[in-house]
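Written below as structure tokens is the structure these notes are about.
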Ligand code: MSP
């Protein structure tokens, strides 16, 4: 059976509205998914919402509505935003879904039967905000629990525990042996150090007496499942995993393992410790432990964006003001995958104006205008320019194409875009130096002019294909103006291209479309007030 490229993102908490940070993660994953579709891979892109837990229960209570009603409202906001931003996911993981609940219960039952869960009583400090017991490790320099833990209370209760600590040695070995386990590599040490310190087991239940909004334990109705244990399972429950058997259905094995795209804040302990150990105890082989792509954060003036401090940006407002392509472009081009960056609406406009309006848009317009002015839009010949004189030699683009593809494969989207757009920058310089308007005046140089125009049109197709994972609408706009449609085009801005189409030129006699501005320049003075929620 043909393997699928399976990609997931963190599922978003439904205790607040989506902001630019959430949008970044989905766009990043969508870009990677689209890149794979472009290459002809079968793609399964899973994302969704994390709907259980104490915070949700509390927020719903505050609003005086039932938790389900509360999460339905916020889920609708996430769904609307993913539609607005053109996020093309194939599976939707909402943790209140019966399919998911069945899977979580099945896993709990299996771990219990296999001796990986036990019941015990524990007394200690508990963070209501983070929904976990705290140990002395979590105390700050002054011996107190920091503000990140919110309200901390003393609790003593019986719960179910998952045997984490006994798998510490296994996890350390996995981290050392699997080079591809964590991208970027600098996060690997961070995780290794955290695993070294791992001492206790994981409390995976919450007594119903204080939290009812969760998945009930299959063998003890007095308890619901800890929200992280529940949420992590989404990656397999919505991919066809059957907890009752060790031999998995073909639906699941064709997909697994997934590339998990997550933010740096949820690597330790959830995705880097709990999740691999959960999978290991379920019988997943070492090579089936999923790789983690850990991205950084978009901040505002160096600080975390949050609705409570009033500095979170509403992605809808930005998409309405600048278009979803411009927003997608900014979100993945002005940050290096893995690092943090500061969000700035001014930078968004600057990058749009310089890279897209003045750069690529200008190249498209110049090329098509000249094509019509000198040749009525018809390309002739695919003659290698420079056959007569070196001064007509066009800039090479094979290296940029290859570098761009390598960067996409490594999820370095910012670098991929740089390489793609570098082709356009060189084309603009080439036009300035070769001066087609001068060639047009000299009938002896007619072949050179044809070759220059063909070369430029071919480069525009290359660039459009290479930027299409990030800016699908603009890419199709360029391809429409070039009057070219790729194979497998399904009307949803999805297509598959061959390496020849990516690197080559148009056929002799190809008729170009008419130019029309694709990236109208944004007037900097008109930049609206940032879309603060
Ligand atoms: N529900 C958990 C994830 C469970 S996955 C099994 C969660 N939700 S979250 O809504 O808080 O965050 C969802 C994702 O958005 C996380 O990967 C997080 O890192 C990411 N981001 C939240 N704010 C962000 C920024 N400001 N910038 C970039 N990504 C950010 O964690």
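Some points to look at:
- Test: residue 37 is part of a helix (DSSP H, G or I), more than 15 Å from residue 79 (Cβ to Cβ) and more than 14 Å from the ligand (Cβ to nearest atom): yes
- All positions within the range 427-458 that are outside any helix (DSSP H, G or I) and without any contact (Cβ under 8 Å) to a residue 40 or more places away in the chain: 435, 441, 442
- When residue 15 is tested against (1) under 14 Å from the mean Cα position of the chain (by Cα); (2) within 12 Å of the ligand (Cβ to nearest atom), just one condition goes unmet, and that condition is (1).
- Residue check for residue 274: surrounded by 18 or more Cβ atoms within 10 Å (Cβ to Cβ) and in contact with a helix residue (DSSP H, G or I) (Cβ under 9 Å, 6 or more places away or on another chain): yes
- Filter result (surrounded by 14 or more Cβ atoms within 10 Å (Cβ to Cβ) and at pLDDT below 95) within the range 208-230: 211
- Against the conditions (1) surrounded by 16 or more Cβ atoms within 10 Å (Cβ to Cβ); (2) away from the ligand (no atom under 14 Å from the Cβ); (3) at pLDDT 95 or above; (4) closer than 30 Å to residue 304 by Cα, residue 193 satisfies every one except (1).
- Subset of the range 240-265 (residues that are within 13 Å of the ligand (Cβ to nearest atom) and either part of a loop (DSSP other than H, G, I, E, B) or farther than 22 Å from residue 51 by Cα (or both)): 258
- Top-ranked residue of the range 390-405 - restricted to ones that are in contact with a helix residue (DSSP H, G or I) (Cβ under 8 Å, 6 or more places away or on another chain) and surrounded by fewer than 18 Cβ atoms within 10 Å (Cβ to Cβ), ranked as farthest from residue 331 (Cα to Cα): 391
- Of the set (1) more than 27 Å from residue 334 (Cα to Cα); (2) at pLDDT 95 or above; (3) surrounded by fewer than 23 Cβ atoms within 10 Å (Cβ to Cβ); (4) touching a strand residue (DSSP E or B) at 6+ places or on another chain (Cβ under 6 Å), all apply to residue 105 but (4).
- Single match in 111, 85, 81 (criterion: closer than 27 Å to residue 218 by Cβ, at pLDDT 95 or above and touching a helix residue (DSSP H, G or I) at 6+ places or on another chain (Cβ under 7 Å)): 111
- Segments classed as helices (runs of 4 or more DSSP H), wholly inside the range 280-370, with at least 1 members that are within 16 Å of the chain's Cα centre (by Cα): 315-322, 324-333
The values are calculated or read from the model by the stated rules, or taken from the named source; none is laboratory data. Predicted, not measured: the structure shown is a model, and the values here were computed from it. We place every Cβ from the backbone using ideal geometry, glycine too, and count neighbours over all the protein chains shown.
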